[in-house]
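Here is the structure we will look at.
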Amino acid sequence: MTEDQAFWNAFAPDYAAAEQASRLPIAHDVIAWLRSTQLLPAHSAVDLAAGTGRYAVQMMPWVQELTLIDWSSAMLAFAKERMHQQADTKAQFIVADWRKLHKPLNADMLFVSQLPTLKPQDLKMLMNWASQTVVLNFQTAQSDALLEQAASLLGLQLPPVYQADPARMISFKVWLTAQRIPFQSHSLTYEIEEQTTLSDLLPDLATPIGLKTAASLAKAITGHENTHVQVTDRLTYTYTQLVWHV
């Protein structure tokens, strides 16, 4: 087991809990969009880097044979637990580094979501495994209204959100265009409100903030110098789906 595999195995319970607590219906909506475009139902599908089965659970009613691949056995254990009630679908779970699989995959649909190590040059391999379509799903934007307001008042630039890097999807589109492969792009955007405090948000500025500055910032934003006063924040998330036929 590699160091990264050990990390993800240890992190799996927290990861699964965070997914369960998420208010974003992204998995449901992605699968609903695939159904609306007649890409589902399908006879077979592979969920690459499937994690705890967030998308596979939604996909199962529309696929007869579903293969989940992840290099974390703990992640796939959570996926098995979530999927055990879907008896009509034949599910296979493979613990492996997908780049080192001993035999090639073959399925109607190859689905990949939020795999940060996926590179444009990897797309050719995905196309070799899919007999009909390849589907990518990546978060491409994320904003926090309160955090942006605080950064603006302080004259700071917010650090990039790693899991929401739009450059990944752009690089895939550039590669497909260079290969003269037609593709379809689609986006889903969500806005949610939540209660928070300025003291909870300040660490996300990635810059040390003194007590006086924090109090002044709280006064400007909330009307109170107390950084622990509850305020309403607005979060925006965008996910982009990329689909092409092989």
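I'm checking my understanding of the structure. Among residues of the range 18-48 that are of a type in the set (Asp, Glu) and assigned to a helix (DSSP H, G or I), which one is nearest to residue 93 (Cα to Cα)?
19
Do you know which of the residues in the range 210-246 that are assigned to a helix (DSSP H, G or I) and touching a residue at least 12 places away in the same chain (Cβ under 8 Å) is nearest to residue 141 (Cα to Cα)?
Across the range 210-246, the extreme among qualifying residues is 221.
Spot the failing condition for residue 35; the list is (1) among the basic types (Lys, Arg); (2) farther than 22 Å from residue 187 by Cα; (3) touching a helix residue (DSSP H, G or I) at 6+ places or on another chain (Cβ under 7 Å), and only one is missed.
Single failed check for residue 35: (2).
May I ask you to say which residue of 177, 189, 207 is out of contact with any Asp or Glu (no Cβ under 6 Å at 6 or more places or on another chain), loosely packed, with under 15 Cβ neighbours inside 10 Å and assigned to a helix (DSSP H, G or I)?
Being out of contact with any Asp or Glu (no Cβ under 6 Å at 6 or more places or on another chain), loosely packed, with under 15 Cβ neighbours inside 10 Å and assigned to a helix (DSSP H, G or I) holds for just one of 177, 189, 207, which is 177.
Consider residue 201 carefully, then state whether it is modelled with pLDDT under 95, of a type outside the set (Val, Ile, Thr) and either surrounded by 17 or more Cβ atoms within 10 Å (Cβ to Cβ) or touching a helix residue (DSSP H, G or I) at 6+ places or on another chain (Cβ under 9 Å) (or both).
yes
Sort out which residues of the range 125-162 are in contact with a Phe, Trp or Tyr (Cβ under 9 Å, 6 or more places away or on another chain) and either in a helix (DSSP H, G or I) or free of Cβ contacts under 8 Å to residues at least 60 places away in the same chain (or both), and write them in order of number.
Result: 125, 127.
The values are calculated or read from the model by the stated rules, or taken from the named source; none is laboratory data. None of the values given here were measured: they were computed from a predicted structure. When we count neighbours, we look across all protein chains shown, and the Cβ atoms used for this are built from the backbone with ideal geometry, even at glycine.
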